[in-house]
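Each reported figure results from applying straightforward, stated rules to the coordinates on display, with no laboratory input. Values in this document were obtained by computation on a predicted structure and should not be read as measured data. Cβ placement follows ideal geometry from the backbone for every residue including glycine, while neighbour counts extend to all protein chains displayed.
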Amino acid sequence: MKIYDNFSKLQKLIAPFGAFLCLSIAVPLKAESYSADDLTRLVAGWAIQQTQSQDQMSVQVFPLNSRLAAKDCPTPPELSWVNPALQQQNSVKIHCNSDTPWQVFVNVRLVQQVEVVVSSKQLSSGSIVSSSDLALEVRDVRQARGQYLTTFERIDGARLKRTVSHGQILKLSDFCLVCKGDQVTIEGISGTLAVSTTGKALSDATLGETVRVQNSQSGRVVEAQVTAVKKVTINL
């Protein structure tokens, strides 16, 4: 009886708070307010985290208009790329999943920076370039169309096929490593055996391309692959 009496007293003691306890469970979480600056910072942090695996990728976020009204969201907003391909010009969608959902788009620019070969001065078409005409600079490689260069070695002594301006990113297609009329070294390879002779190039070509050359001794015309400045290789 004593235990029952004590339990009855406990029931009477907590009864007035029962309704309050039920009501407190039903009260929703307070929504957090996000200003335009808050949303911009949210996107910046998220975008940097998403691009960490990309080599030398930097992120430029275009701030939202500061006059944008603050947005309330009871849970952390969801972020996603508008274009998952990570193009240079992209946008991030901010979505609040609530009873009154909303979404905002923030423009982002992705820049992949790599040290590339550029011209240290204006160079004319037909110029034979040397290391003194070249420089290495960190650039956004998406500005370069084609196979950009990261070292001088491949093009030292090559001839420019077009005029380039000071500071322009240089590509293999800008040069002929073997030019029509050049005297070239023809290297014939058979297994571990290699023999060399000389010849004349009959057309222009750059690294890796096939060019027709005439053997100076035999007069025979063969097709060979460009492997260096004024050097071609054939398989015997």
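Too long at a 19 Å Cα-Cα cut-off: which of 171/200; 121/171; 200/230; 180/231? Kindly include the intermediate steps, with their values, before the conclusion.
Values: 171/200 25 Å; 121/171 16 Å; 200/230 10 Å; 180/231 13 Å.
From 171/200; 121/171; 200/230; 180/231, over 19 Å: 171/200.
If you take volume of the Cα convex hull per residue in Å³ from the coordinates, which of (i) 151; (ii) 184; (iii) 248 do you get?
So the structure-derived entry is (iii).
Efficiency by 1/(1 + (r/R0)^6): what FRET value for residue 49 and residue 147, r their Cβ-Cβ distance, R0 = 22 Å, to the nearest 0.05?
Working: r = 31 Å, r/R0 = 1.41.
E between residue 49 and residue 147, to the nearest 0.05, is 0.10.
Give the aspartates and glutamates whose C-alpha is closer than 15 Å to that of residue 71, dropping any in the same chain fewer than 8 places away, or say none.
Filter leaves 32, 37, 38, 99.
Please state, as a whole number in µm²/s, the translational diffusion coefficient that the Stokes-Einstein equation yields for the range 32-112 at 4 °C and 1.567 mPa s, with Rh defined as the Kirkwood radius across alpha carbon pairs.
On the way: Rh = 13.1 Å.
The Stokes-Einstein estimate is 99 µm²/s.
Would you mind ranking 106, 43 so that the residue whose beta carbon has the fewest other beta carbons within 10 Å leads the list?
Values: 106 23, 43 26.
Arranged by neighbour count, lowest to highest, 106, 43 become 106, 43.
Expected output is a single nm value to one decimal: the length gained when fully extending between residue 67 and residue 112, i.e. 0.36 nm times separation in residues minus the C-alpha distance. What is it?
Details: separation 45, 0.36 × 45 = 16.20 nm, distance 3.16 nm.
Gain in length upon complete extension: 13.0 nm.
Under unit Cβ charges (Lys, Arg +1; Asp, Glu -1), what dipole magnitude, rounded to 20 debye, does the chain have relative to its Cα centre?
On the way: 24 positive and 20 negative charges, 46 e Å.
Computed charge dipole of the chain: roughly 220 debye.
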